[in-house]
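Heads up, the thing below is written out as structure tokens.
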Amino acid sequence: MSIKLHDLITKVRESSTTSGIREIISEECVQIRNAFRKEDTKNRPRNISKLIYIDFLGFPTDFGQLECLKLIAHPSYVCKRIGYLGLSVLLTENEEVLFMSTNIIRTDLASENKFIVALALSSLGNIGSVEMLRDLAPEVEKLLKSQTAYIRKKAALAAIRTIRFVPETVDRYVGRVKSLLSDKNHGVVVGGLQLLIEILKIEPKTISEFRKLVPGLLRMLKSLVDAGYAPEYDFEGVTDPFLQVFILRLLRILGKDSKKYSNQMIDLLTQVGTSSGLNKNVENCILYESVSTILTIESPNRLRVTAINTLSKFLSGKDNNMKYIALNTLLKGVNKDSKSLKRHRKVIVKCLRDKDISIRRRALDLVFGIMNKKNVKELTQELLDCLPKAEHDFRFDITAKVCTAIEKFSPDDQWQIDTLVQVLTIGGQYIRDDVIAIMTHVTGRNQELQYYASKKLYNSLLDDRYRNQKFIQVAAWVIGEFGDILLKKSIEENESIDPSQIIDLCQIIITSSRNEDLTKYFILNTLIKLSTRIEGFNETIKEIIKPFMKHVNIEIQQRACEYFRLFEDKELLVFSFDRIPVKDDNMEAQEIETVQETTNENSTKNTKVQENINQQLSHNDNQKSQGTGMKIMGGNNVITQNKTQQPSSIENLLQLDFNSNNNNQNVNKQTTNIQNTQSNQSTEDFLSDIFGTNNNPNSNNTQNVQNTKIQNVMGILGTENGMGTGTGMGRGTGMGRGTGMGTGMGMGRGMGMGTGMGTGMGRGTGMGTGRGNVNTPKKNPSAIIYNQDGLKIQMNFKLVSVNGIPAAMVQTIFTNSTPTPMTNLIFQVAVPKHLQVQMAPPSSKIIPGNNTGKVTQTFRVIKKQNIKTKLTMMTRIQYKFNGMPVSKQQEVKNLPLIF
Amino acid sequence: MIYFLLLANKQGKIRLSKWYQNFTKKQKTKLQKEVVSLCLSRSQRSCNFIEWNDYKIIYRRYASLYFMICCDTEDNELIGLEIIHHFVEILDKYFGSVCELDIIFNFQKAYNVLDEVIIDGKLQDSSKKSILRSVGTQDFLILNAPETGTLNL
């Protein structure tokens, strides 16, 4: 026997335990299921009601979904009402079943009983899915013209949902909405206003047409404002605040960016905006809305000042809601009227200490909004003062704002450093990661600052070495980077610092177990940098680093090992840890992007290098990439002077050559690509040169050894920079220092990446050499792309797949039929923009004469998009023949490869 | 635009929930919990607005019941409060000084009233009287319907 809903609720409420409730419900569900199975039409409404209740308690009710459909299909209003309620509660998730109700709703929309139509409209408006709304849009449109106001207002709201979900239906309602606005019934007008606001949101083009409504809207608003007591719409003495607010909101949209229509509104807005008493919420609603409108449209200054004053009245009141709103709205008006805001600064700052987090958040935003170079010192101090008392989450917001303030509004450099140190001291653990970047930025400019910062950080670290990790990290970086300046200047100022004290401090920190591994990376870097900056401590530093070669953290271990090895090559050590050059602001953002995009565990070291540069450059726009290129080259030139005999500035060579010789439309792109290849090559050059100077016992196996060596160096550089990047610092470092560094930076995305790279490189050895030796199978297509002056270049193509996208592996074979060997071989490939090339190093730089041997170089062409394409490329070959440099470049087309 | 409306008691038990955006049941439960605990943890003197993800919760307490709506951040917070109040006043008049028990036992009626006040997160009518009139007529229809005798909810 089925019990009544009321009894079920009572029963559930009487049961004290959850298990008791579960029992009652499962028993009831069995009953209901049985009733459904027996097609118990009499009890169906009751059962669905019960199911709605059961659903409410959180139990599964899926089995009742179809029964809801049966109920709404029932002709009687009583059943329909329960059925529609069931529909909205039980079935919103299941769009398929919901869609089955479309036809029933369509019938109901055409019903003669206005309450049945209303049910269908509400239901459509509340839960209608895209398909339903699209199908029923014509019906809804028709109902907008209904005789009954009750139906019209509901149809307006159903129309809003329709255009919200199916924007293409908006045209249907554009023409209808005007008549709704002139309706006598407030409900219909409220619906019409909201519909129009939604239309303007979806179809902003229509705004000029609807601007013609402004006079009418103003009349309507005026009659509401001036109206006496209207019993039907009276809200504590205000006539229909809802309608007023919606009109004001619509006026805001229509008046925005239109001087003409804004002018029409001014009189009435002045009246509304200056009236009222601040006591009742209803009055404040309208005042608030009108202030928002005044601040948004093109209103004259005096009106804006009045609006801001109204808000400040809100601000100084006791009501927290009003405070919140004032802060929130002032922020919107802040750009244009910061002068009139100045007077309220005290109140705003006071809100920073409010008990209510909502208010404090708004106040923080606003304080930041009114910040400028003049008041930044004061305001930042205020922010720092409330930092220690703030909640955990809020502290992150505060430190972020302080950091941005330091970057953006700094009046002088010393203040920047002082504030940075201060925020690090009191809120270091809540600070965002790129604080080091800011530090780099700040200290990058001159030695005075570098000294000041390093002295300050060093002394405070000396006072208390149990500071937060971020503080130690920043201090470690600064001390490492500017250790020599610190020592030199301190002697000049007669406050000399004992270098051994610095090293001791580092040792204490790195051996302390309370410091994070990340901090230890920083200290390792500090130590290795200090070894190049301070004389006479190499052995001590080696001793400190030594135990970390067996550290449990693989990153520390690797770093320690690499650094330890680096001591063997003094020159490389000094080069690798040279001071970072001054950072170029424009490049910052770009490089972060680049660094983040770098992933591809499978590629070999060289392809990886290539890829990084490729990405780096191809993602920048042309101008930027030139800049990057320049940087790389800048670094390279230094190397050239020191190490290699590269003829001239590579940059010049490339730019001029290509700009003059190449008429291709893609000149710039190609130049970029060539630059990539070039820079990669030169990396190898300089690296191999470095190692060429080493006493290498195994000269037959030079290439392999070179590879490994390069990898070592790359590993180190990668790690060094990876570390820097992890903290947002390496950008400047890597880029300025030379190609090797630049790429290294690209690879080491962060700490984790750094490690990944170390291993990835090891793998690279095997692959790099392996590939050179394995011959491509003969089935694969091949082509001779060059055959001049005794040099023959053959390409063997092989299709491979990289991450599911086909790519071409191209083995290039160089043979020399002249008796003289060709030396200093450099082979470069540039591909169109939609492709990407990754080069491996050549098997040798010398092509022996008389066809007695061959040189192979493999590269891979990857598609950026998966489109079928023909492989075309630009190649350039450079070599020395009889001591004379030869350079040839040519476009390679019609290759037998489509991929 | 109101995305959802919740009604919970002081203990955090949901008494009414209406969703104008499609959520799965799981999401609903999660959101409910989050929003209700946020509102309940506020002190009485705090303001009635909470910034929550990219939305704003506007809530108001009436005796033991919390009414909460989730709105866009740029919505007029005060009119949000006023909409809540509008709904509460209508419930009050409809049930005759409404209390939690009225809503527990007559949740269908409460939903029905809500459907007359808000559709798709938008206010439907600013006149309490006209809403009460139409709700009254509907109840009258039900009382006098031939099926009601057998319906016996």
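The values are calculated or read from the model by the stated rules, or taken from the named source; none is laboratory data. Worth saying up front: this structure is predicted, and the values here are computed from it rather than measured. Glycine gets a Cβ as well: all are built from the backbone with ideal geometry, and neighbour counts include every protein chain shown.
Details
- When residues of segment A:118-163 are limited to those that are hydroxyl-bearing (Ser, Thr, Tyr) and part of a helix (DSSP H, G or I), the one nearest to the other protein chains (Cβ to nearest Cβ): A:Ser122
- Selected residue (criterion: nearest to A:Ala783 (Cα to Cα)) from residues of segment A:870-889 that are crowded, with 17+ Cβ neighbours inside 10 Å and among the β-branched types (Val, Ile, Thr): A:Thr875
- Scanning segment B:37-83 for residues that are over 23 Å from A:Pro241 (Cα atoms), touching a Ser or Thr at 6+ places or on another chain (Cβ under 9 Å) and of a type in the set (Lys, Arg) yields one hit, B:Arg42.
- Tally of residues being outside any helix (DSSP H, G or I) and surrounded by 18 or more Cβ atoms within 10 Å (Cβ to Cβ) across segment A:186-211: 0
- Boolean, B:Tyr111 is surrounded by 16 or more Cβ atoms within 10 Å (Cβ to Cβ), among the aromatic types (Phe, Trp, Tyr) and in a strand (DSSP E or B): no
- No other residue among A:Val214, A:Val238, A:Val225 is aliphatic (A, V, I, L, M), farther than 20 Å from B:Glu89 by Cβ and either crowded, with 21+ Cβ neighbours inside 10 Å or out of contact with any Leu (no Cβ under 6 Å at 6 or more places or on another chain) (or both) apart from A:Val225.
- Residues of segment B:29-39 that turn out to be surrounded by fewer than 16 Cβ atoms within 10 Å (Cβ to Cβ) and either in contact with an Asp or Glu (Cβ under 9 Å, 6 or more places away or on another chain) or of a type outside the set (Val, Ile, Thr) (or both), as a count: 5
- A single member of A:Ser111, A:Ser101 is in contact with a helix residue (DSSP H, G or I) (Cβ under 7 Å, 6 or more places away or on another chain), away from chain B (no Cβ under 12 Å) and surrounded by fewer than 19 Cβ atoms within 10 Å (Cβ to Cβ), and it is A:Ser111.
- In summary, no helices (runs of 4 or more DSSP H) completely within segment A:353-438 bear 3 or more residues that are on the phi > 0 side of the Ramachandran plot.
- Check on B:Ile69, crowded, with 19+ Cβ neighbours inside 10 Å, among the β-branched types (Val, Ile, Thr) and facing another protein chain (nearest Cβ under 10 Å): no
- Scanning segment B:1-47 for residues being assigned to a loop (DSSP other than H, G, I, E, B) and either of a type in the set (Ser, Thr, Tyr) or more than 9 Å from every other protein chain (Cβ to nearest Cβ) (or both) gives a total of 11.
- Here the condition is being at pLDDT 85 or above, more than 12 Å from every other protein chain (Cβ to nearest Cβ) and under 29 Å from B:Gln44 (Cβ atoms); of A:Glu298, A:Glu382, it holds for A:Glu382 alone.
- One residue from A:Gly58, A:Gly83, A:Gly64 being within 10 Å of chain B (Cβ to nearest Cβ) and small (Gly, Ala, Ser): A:Gly58
- Residue within segment A:33-49 that is touching a Gly at 6+ places or on another chain (Cβ under 7 Å), farther than 27 Å from B:Lys13 by Cβ, crowded, with 16+ Cβ neighbours inside 10 Å and within 14 Å of another protein chain (Cβ to nearest Cβ) present: no
For every residue, the table says whether it meets (1) assigned to a helix (DSSP H, G or I); (2) more than 13 Å from every other protein chain (Cβ to nearest Cβ); (3) closer than 26 Å to B:Arg60 by Cα.
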| residue | (1), (2), (3) |
| --- | --- |
| A:Val214 | yes, yes, no |
| A:Arg219 | yes, yes, no |
| A:Arg252 | yes, no, no |
| A:Ile266 | yes, yes, no |
| A:Leu287 | yes, no, yes |
| A:Ser290 | yes, no, yes |
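- Any hit, segment B:107-122, residues being at the interface with another protein chain (Cβ under 8 Å from one of its Cβ atoms), farther than 30 Å from A:Asp356 by Cα and aromatic (Phe, Trp, Tyr): yes
- Qualifying helices (runs of 4 or more DSSP H) (wholly inside segment A:469-588; at least 2 residues being closer than 24 Å to A:Met439 by Cα and of a type in the set (Asp, Glu)): A:469-492
- Candidate set from segment B:1-21 (those that are closer than 27 Å to A:Lys201 by Cα and out of contact with any helix residue (DSSP H, G or I) (no Cβ under 8 Å at 6 or more places or on another chain)); member that is modelled with the highest pLDDT: B:Tyr3
- Per the conditions (1) assigned to a helix (DSSP H, G or I); (2) buried (at least 16 other Cβ atoms within 10 Å of the Cβ); (3) more than 7 Å from chain A (Cβ to nearest Cβ), the sole criterion not satisfied by B:Val98 is (1).
- Selected residue [of a type in the set (A, V, I, L, M, F, W, C) and within 11 Å of chain A (Cβ to nearest Cβ)] from B:Ile90, B:Ile84: B:Ile84
- Given (1) in a helix (DSSP H, G or I); (2) at the interface with chain A (Cβ under 8 Å from one of its Cβ atoms); (3) farther than 21 Å from A:Ile48 by Cβ; (4) β-branched (Val, Ile, Thr), number of the condition B:Ile50 does not satisfy: (1)
Residue-by-condition table, conditions (1) crowded, with 20+ Cβ neighbours inside 10 Å; (2) touching a Phe, Trp or Tyr at 6+ places or on another chain (Cβ under 7 Å):
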| position | (1), (2) |
| --- | --- |
| B:Arg45 | no, no |
| B:Tyr62 | no, no |
| B:Glu77 | yes, yes |
| B:Ile83 | yes, no |
| B:Lys93 | no, no |
| B:Asp102 | no, yes |
| B:Phe105 | no, no |
| B:Ile131 | yes, no |
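- Only residues that are surrounded by fewer than 19 Cβ atoms within 10 Å (Cβ to Cβ) and in contact (Cβ under 8 Å) with a residue 24 or more places away in the chain were counted across segment A:787-801, and they come to 6.
- Which numbered condition A:Ala230 misses (of (1) within 18 Å of A:Asn284 (Cα to Cα); (2) among the small types (Gly, Ala, Ser); (3) within 12 Å of chain B (Cβ to nearest Cβ)): (1)
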